[in-house]
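To start, the structure under review is shown below, and the notes come after it.
No lab work stands behind these numbers, since they all come straight from the coordinates. Please read these numbers as outputs of a predicted model, since none were measured by experiment.
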Amino acid sequence: MAAIARVHPQAPPPTSQVLDRVVAVVNNQPILWSDIANEIRFSVLDPEEVNGTLTPQRALQQLIGRTLIQQQIGKEDASAALPSDQEVRARQSDIRKDLPACVRMNCATDAGWQAFLNKNGLTPGQVENYLRLRLEILRFIEIRFRQGIRISPEETDSYYRNKLVPQYPSASQAPPLSAVASRIEEILLEEQVNVLFANWLDNLRKQGDVEVLDASLEPGAQTNTGSGEVE
């Protein structure tokens, strides 16, 4: 999830002047409202986030976790977590073929992919940067937290039948299990790792390393899901 410089996919130029604001600080590193907005926008690439289910509160928690991981990568062997260009291209290819929203828009074709990007306000370069960061973080998590975690074939099959297939217009349009098994295993692995990571994050919070400056973005808080920015 590099004494890395802070890496976030770049947003398109705003149509009006926007005053951004700091909403949290992680070990003296700020997280901005625009980072939350980008996180929600890029959630369209995540099969777990369907129908705009990512809230600002959850987006901030993901950003806090990602920032902590990036800081840890910077303290350890950064090169060990870096994905290759080939791995990034392969992940993008998987998304274009298998992501339910992409299947509906025929993203396997260049025209369909461009239409999908346009609809969601994304560019190919932004998607590539986002996927590269995700792969880097996933590899670090695997190195640090994965030891001893095993995903069984039964767990993979259950996720495929009960969670993935229902996202497609019809079962016949869903990719075969063999084509997505590795991605499902990755999702299930993330779920188990998240438990370990949550304990780690909780310890860091107790040490005072993480400060949320906007109470409305604390977990469980009710907030306006609008821009939160001042134009």
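Side notes on the structure shown:
- Straightening the chain between I149 and T109 buys 10.7 nm, computed as 0.36 nm per residue apart minus the Cα-Cα spacing.
- Multiplying the residue separation of Q29 and E128 by 0.36 nm and subtracting their alpha-carbon distance yields 33.3 nm.
- Proximal lysines to K97, defined as alpha-carbon separation beneath 19 angstrom and excluding residues fewer than eight positions away on the same chain: K119, K163
- Cross-link partners of K75 among aspartates and glutamates (Cα-Cα below 15 Å; sequence separation of 8 or more within a chain): E136
- Gain upon complete extension [L196, K97; 0.36 nm per residue less C-alpha separation]: 32.5 nm
- Equivalent ellipsoid semi-axes, the stretch 102-154, via Cα gyration tensor eigenvalues times 5, rooted, Å: 31, 16, 7
- Under a 5 Å amide H cut-off, with hydrogens placed 1.01 Å from N, R21 pairs with W33, S34 among residues at least 5 apart or on other chains.
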